[in-house]
Amino acid sequence: MHDLIDRSEEIRDAMENSMPILALESTIIAHGMPYPRNLETALKLERIARDNGVVPATICIHQGKIRIGCDHDLLEYLAKSDQVTKAGVRDIPEAIACGGTAATTVSGTLHCANMAGIEVFATGGIGGVHRGAGSSFDISADLLQLSRTPMITVSAGAKAILDIPATLEYMETLGIPVYGYRTDTFPLFYSHSSQYPIRQAISVDDIARRFRIMRQCDIPSAMLVCNPVPVESEIPYEEVRGWIEEALEENKHLKGPAITPALLKAIVEKSAGRSLETNIALAASNVKLGAQIAVELQKIRMEEL
């Protein structure tokens, strides 16, 4: 299995020296933003991770290997090339076999990071239950992967285009613990808060220690830590809702993996770029929190030795 993993020199050094590592997805680079903002954002997120004491591990599939940690040239290729495919967990073997380059989604990144021994992952927003899933059965693989991957996952809730109540209900069914970082409501990606209550975690130490207890109890799922977008960068849901409804109507012919990127692109256009700036702000906030958690988790691990 480990022959399939190609760790960058920086990641190898970090693991040999027991330094905290933070996993980052690559779909946000290849399919989530236009060039050059995607490359600028990728470099910014890695810089935030390093500034907060962790080694960033941006993950993708490249030349028949799972790449843990990307250099500048590979980040630029992910950002610019139209040959980069998208790999959820089910697509990883195909992407490796084809020998090309694939950006990993939340589910794909969770699986690859867990294979590499990384315990903390920061992303923008997770996938979930799509509207109309009662007839389409369109539910993101992110949720199932969260239920079977023992990692802390930091996000700004789920993407606002989803059926949020159904997503929360399904996470409860799957046994995924959901905590709000200094909030008791589920954040709505672009928007800071909602009407949906969740349990609150008041500190980084609180999150790390609860996760260690989960591991000691052999609970196989991830812990989802919901970090609301900073208030100064949020877009109130009353505004977002109209853009979402329009985007859903305009793209109702789409199915499967094509839906989410098309809807997010439409919302960027309808918001005159505001949603893109909010997306970048929440991703940066999540990376900062994820780095702080990874540092705290490493402290706890060293105390246990």
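Taking the chain as a Gaussian network of alpha-carbon nodes connected by springs under 10 Å, the highest mean-square fluctuation of the residues 264, 43, 282 belongs to 43. Taking Cβ atoms as reference points and 11 Å as the exclusive limit, the residues near residue 167 contribute a net charge of -2, counting Lys and Arg as +1 and Asp and Glu as -1.
So what is the accessible area of the chain per residue, in Å², with the probe set to 1.4 Å? All intermediate terms of the calculation are to be shown ahead of the outcome.
On the way: 13240 Å² over 305 residues.
Counting only protein heavy atoms, the per-residue value for the chain is 43 Å².
A 1.4 Å probe, protein heavy atoms only, puts the accessible area of residue 172 near 130 Å².
Computed about the Cα centre, the dipole magnitude for the chain is approximately 220 debye when only Lys and Arg (+1) and Asp and Glu (-1) carry charge, each at its Cβ.
When the charge dipole of region 106-242 is built from unit charges on Cβ atoms (+1 for Lys and Arg, -1 for Asp and Glu) and taken about the Cα centre, the candidate among 214, 192, 108 whose Cα reaches farthest toward its positive end is 214. Across region 212-305, the convex hull enclosing all Cα atoms gives 136 Å³ per residue. Evaluating kT/(6 pi eta Rh) at 4 °C and 1.567 mPa s, with the Kirkwood radius of region 2-83 over Cα pairs in the Stokes-Einstein relation, gives 100 µm² s⁻¹.
Calculation over all alpha carbon pairs of region 139-209 in 10 angstrom steps from 0 returns a P(r) of 19, 55, 26, 1 percent. A convex hull fitted to the Cα coordinates of region 33-132 yields 121 cubic angstrom per residue.
Among 109, 167, 58, the largest mean-square fluctuation in a Gaussian network model of the chain (Cα springs under 10 Å) belongs to 167. In percent, rounded to a whole number, the relative contact order of region 1-63 is 42, using alpha-carbon pairs under 8 Å and six or more apart.
Regarding region 134-274, what's the average projected area of the Cα-atom convex hull, expressed in nm²?
One quarter of the hull surface, i.e. the mean projection, equals 8.8 nm².
As a test of reading the structure, rank 6, 206 by solvent-accessible area (1.4 Å probe, protein chains only), most first. Could you put the intermediate results ahead of the total?
Details: 6 55, 206 30 Å².
Final ranking, largest accessible area leading: 6, 206.
Taking the DSSP bridge list for region 51-176 and keeping only pairs wholly inside it, about 55 percent are antiparallel. Put the Cα centre of region 227-305 next to the Cα centre of region 28-99 and the gap is 17 Å.
So what is Rg over Rh here for the chain, counting just Cα atoms and using Kirkwood for Rh? Before the final figure, lay out each step's value.
Details: Rg = 17.9 Å, Rh = 19.1 Å.
When Rh is taken as the Kirkwood radius, the ratio is 0.94.
Could you check how much of the accessible area of region 198-244 is carbon and sulfur, as a whole percent, using a 1.4 Å probe?
On the way: 1190 of 2300 Å².
Exposed carbon and sulfur together represent 52 percent of the surface.
Averaging the sequence gap over all C-alpha pairs within less than 8 Å and six or more residues apart, then dividing by the number of residues, gives the chain a relative contact order of 19 percent.
Here region 42-146 has 50 percent of its accessible surface on carbon and sulfur atoms, given a 1.4 Å probe and all protein chains in place.
When the Cα convex hull of region 25-72 is projected onto planes of every orientation, the mean area is 3.4 nm².
Sorted by mean Cβ packing within 10 Å, highest first, what order do the peptides 266-276, 225-235 take?
Numbers: 266-276: 17.5, 225-235: 19.5.
Final packing ranking: 225-235, 266-276.
Using only helices, what value at 222 nm comes out for the chain when you add -39,500 (n - 2.57) per DSSP H run of length 4 or more and divide by the total residues, to the nearest 500 deg cm²/dmol? The partial results should precede the final answer.
Details: 13 runs with 145 residues, N = 305.
Estimated from H runs of four or more residues: -14500 deg cm²/dmol.
The values are calculated or read from the model by the stated rules, or taken from the named source; none is laboratory data. The structure displayed is predicted, hence computed values, not measured ones. When we count neighbours, we look across all protein chains shown, and the Cβ atoms used for this are built from the backbone with ideal geometry, even at glycine. Keep in mind that these areas ignore ligands, DNA and RNA; they rest on the heavy atoms of the full protein, side chains included. Shrake-Rupley method; radii C 1.70, N 1.55, O 1.52, S 1.80 Å.
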